[in-house]
Amino acid sequence: MECQRCKSDRVATLNAKCADRCFVELGGIHSEGYAPSGVGVGRGGDYVQLVWCLECGQIQHGFPLPPSELEPDLITDVSERLS
């Protein structure tokens, strides 16, 4: 695999099983439980996958991503704070 930005072949892959012990923060909202889908680190559930370039640091994924399953909570929370 080569980096989508700099074309280096120094691309690392991390796979981890976190079951229901995944902690994510997005816009001040904290999520605890299974890994979320739609944020570029795997498909959600028990496993997390991250692929990045060791040369330039680019996370390898198709960006920009559509809104994730966490973002409705973020939008609701921000609306409540503004009320």
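The values are calculated or read from the model by the stated rules, or taken from the named source; none is laboratory data. Here the structure is a predicted model, which means the values were calculated and not measured. Cβ sites come from the backbone with ideal geometry, for glycine too, and all protein chains shown count toward neighbours.
Give all pairs with beta carbons closer than 6 Å in which a residue from the stretch 20-32 that is over 13 Å from Glu69 (Cβ atoms) and assigned to a strand (DSSP E or B) meets a residue that is of a type outside the set (A, V, I, L, M, F, W, C) and at pLDDT 85 or above; count only pairs at least 6 apart in sequence or on separate chains.
The qualifying pairs are Phe23/Glu32.
Considering only residues that are in contact (Cβ under 8 Å) with a residue 40 or more places away in the chain and not charged (D, E, K, R), which ones fall in the stretch 1-19?
Within the stretch 1-19, Met1, Cys3, Gln4, Cys6, Ser8, Val11, Ala12 meet the criteria.
What tally of residues in the stretch 25-41 results from selecting those that are within 11 Å of the chain's Cα centre (by Cα), crowded, with 16+ Cβ neighbours inside 10 Å and farther than 23 Å from Cys56 by Cα?
2
Mind checking which residues of the stretch 2-18 are loosely packed, with under 12 Cβ neighbours inside 10 Å and out of contact with any Leu (no Cβ under 9 Å at 6 or more places or on another chain)?
Hits for the stretch 2-18 are Lys7, Asp9, Lys17.
For Tyr47, are the conditions met, namely being of a type in the set (Phe, Trp, Tyr) and touching a residue at least 24 places away in the same chain (Cβ under 8 Å)?
yes
Restricted to the stretch 42-55, and to residues that are part of a loop (DSSP other than H, G, I, E, B) and surrounded by 13 or more Cβ atoms within 10 Å (Cβ to Cβ), which residue is modelled with the highest pLDDT?
Once the filter is applied, the top-ranked residue is Glu55.
Taking into account only those residues within the stretch 60-83 that are outside any loop (DSSP other than H, G, I, E, B) and surrounded by 14 or more Cβ atoms within 10 Å (Cβ to Cβ), which is modelled with the lowest pLDDT?
Among them, the one singled out is Leu74.
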